[in-house]
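First comes the structure, then the notes that go with it.
The values are calculated or read from the model by the stated rules, or taken from the named source; none is laboratory data. What you see is a predicted model; the values in this text were computed from it and never measured. As a convention, Cβ positions derive from the backbone with ideal geometry for all residues, glycine included, and neighbour counts pool all protein chains shown. For the accessible areas, the whole protein counts, side chains as well, though only heavy atoms, and no ligand, DNA or RNA atoms are used. Shrake-Rupley method; radii C 1.70, N 1.55, O 1.52, S 1.80 Å.
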Amino acid sequence: MIEFGPDMILYILEIVIGGLLVGVGVHFVPVGGAPAAMAQATGVGTGTVQLAAGSGLTGLLSAGLMMSVTDNMLMIVISGAVGAMIMIDATMIVGNWVYIYGVGVPPCSAKVDYDPITKEPQPPYISPGTVGHGIPTVSYVSGTIGGLLGGAGGSLIYYALMSINENPGLSGFFAIGIFVVNAVIASYNIQGTIEGFHDPKFKRVPRAVQACLVASLIIGIFAVLITGGA
């Protein structure tokens, strides 16, 4: 059983930092919801939490695999971040294949006149009655960053819990729960769809940081107490 002391504070701090990374990372992921599923909005055609959870779970699996090889925290966090990044990147590129070759629409954004990265004008490619479609370059880069942050956050949470009880099942169970809580908070903050860091809704990140900080701190304390006494 873990006793209250420097170790407990460190584990809680790691969980809080991981939760913040997850909450912020969700804001980078381009999510278009149902409109995007019909190629009427920019982003991946699914919900914020579903997309974040998918990449986050992949990151946790990557982190778990790395923990079977080494106990170096940096290597574990990097492994989780890269795993989540690959998952979200694969999702976005396959989505673009469907939009481009299946539906026949070019990736573009209605939130900016020019892609911040390629400088390509966006309005000429937007179909009438839509607010963009596909995953343009700026959204793809933003989603990659979001995957890295979310995967790193989830891996850090998992590492902290594993350091307490060395039980992969229990640690994974709590890590997934903490990840989803922060993803849901970020989703409520976004309130619908978001295209990435160029979207005006991205300015809401400070509010998400405050909410995720409080939630992660409370959940982190209980997670450490429960898993430490298991």
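Restricting the search to region 93-150, which residues are closer than 19 Å to ASP199 by Cα and of a type in the set (Val, Ile, Thr)?
VAL112, ILE117, THR118, ILE126, THR130, VAL131, ILE135, THR137, VAL138, VAL141, THR144, ILE145
Answer yes or no as to whether LYS119 is more than 20 Å from LEU60 (Cα to Cα), outside any helix (DSSP H, G or I), open to solvent by 70 Å² or more (accessible area, probe 1.4 Å) and in contact (Cβ under 8 Å) with a residue 12 or more places away in the chain.
no
If PRO107 meets every condition in (1) open to solvent by 30 Å² or more (accessible area, probe 1.4 Å); (2) touching a Phe, Trp or Tyr at 6+ places or on another chain (Cβ under 7 Å); (3) more than 17 Å from SER127 (Cβ to Cβ) apart from one, which number is that one?
(3)
Give LEU213, LEU156, LEU217 a once-over and let me know the one that is at pLDDT 90 or above and surrounded by 23 or more Cβ atoms within 10 Å (Cβ to Cβ).
LEU156
Residues in region 195-210 that are closer than 21 Å to GLY56 by Cα, open to solvent by less than 30 Å² (accessible area, probe 1.4 Å) and either out of contact with any Gly (no Cβ under 7 Å at 6 or more places or on another chain) or part of a helix (DSSP H, G or I) (or both): how many?
Here the count works out to 2.
In the list THR118, THR130, THR58, which residue meets the criterion of being hydroxyl-bearing (Ser, Thr, Tyr) and under 21 Å from the mean Cα position of the chain (by Cα)? Even if it seems obvious, please write down each step before you answer.
On the way: THR118 fails: under 21 Å from the mean Cα position of the chain (by Cα); THR130 fails: under 21 Å from the mean Cα position of the chain (by Cα).
Only one candidate passes the filter, namely THR58.
Filtering region 136-153 down to residues that are of a type outside the set (Ser, Thr, Tyr), open to solvent by less than 40 Å² (accessible area, probe 1.4 Å) and assigned to a helix (DSSP H, G or I), which residue is nearest to SER216 (Cα to Cα)?
The initial filter retains those residues of region 136-153 that are of a type outside the set (Ser, Thr, Tyr), namely 136, 138, 141, 143, 145-153.
Still in the running and open to solvent by less than 40 Å² (accessible area, probe 1.4 Å): 136, 138, 143, 146-147, 150-153.
Of the ones still in play, those that are also assigned to a helix (DSSP H, G or I) are 138, 143, 146-147, 150-153.
Numbers: VAL138: 30, GLY143: 23, GLY146: 18, GLY147: 19, GLY150: 14, GLY151: 16, ALA152: 15, GLY153: 11 Å.
Across region 136-153, the extreme among qualifying residues is GLY153.
Assess whether GLY220 counts as being in contact (Cβ under 8 Å) with a residue 12 or more places away in the chain and part of a loop (DSSP other than H, G, I, E, B). Step through it out loud before you land on a result.
Working: in contact (Cβ under 8 Å) with a residue 12 or more places away in the chain: yes; part of a loop (DSSP other than H, G, I, E, B): no.
So GLY220 does not fit the description; no.
Could you grab me the full set of residues in region 43-78 that are among the hydrophobic types (A, V, I, L, M, F, W, C), open to solvent by 40 Å² or more (accessible area, probe 1.4 Å) and not in a helix (DSSP H, G or I)?
Of the residues in region 43-78, the ones among the hydrophobic types (A, V, I, L, M, F, W, C) are 44, 49, 51-53, 57, 60-61, 63, 65-67, 69, 73-78.
Subsequent filtering for residues that are open to solvent by 40 Å² or more (accessible area, probe 1.4 Å) retains 57, 61, 65-67, 69, 73-75, 78.
VAL69, the sole residue that qualifies.
As an exercise: evaluate PHE28 against (1) outside any helix (DSSP H, G or I); (2) modelled with pLDDT under 90; (3) of a type outside the set (S, T, N, Q); (4) within 20 Å of the chain's Cα centre (by Cα) and give the number of the one condition it does not meet.
Evaluating PHE28 over (1) outside any helix (DSSP H, G or I); (2) modelled with pLDDT under 90; (3) of a type outside the set (S, T, N, Q); (4) within 20 Å of the chain's Cα centre (by Cα) leaves (2) as the failure.
Return the residue satisfying two criteria in turn: it lies in region 87-121 and is among the polar types (S, T, N, Q) and under 9 Å from GLY134 (Cα atoms), and of such residues it is modelled with the lowest pLDDT. Write out each step before concluding.
Taking region 87-121 first, the residues among the polar types (S, T, N, Q) are 91, 96, 109, 118.
So of that shortlist, the ones also under 9 Å from GLY134 (Cα atoms) come out as 96, 109.
Details: ASN96: 91, SER109: 88.
Checked region 87-121; the qualifying residue modelled with the lowest pLDDT is SER109.
Report yes if some residue within region 86-104 is without any contact (Cβ under 8 Å) to a residue 24 or more places away in the chain, under 16 Å from ALA36 (Cα atoms) and assigned to a loop (DSSP other than H, G, I, E, B); otherwise report no.
Yes: one or more hits.
Given the structure, is SER171 open to solvent by less than 40 Å² (accessible area, probe 1.4 Å) and under 22 Å from SER187 (Cα atoms)? Steps first, answer last, please.
Details: open to solvent by less than 40 Å² (accessible area, probe 1.4 Å): yes; under 22 Å from SER187 (Cα atoms): no.
Spelling it out, it is not the case that SER171 is open to solvent by less than 40 Å² (accessible area, probe 1.4 Å) and under 22 Å from SER187 (Cα atoms).
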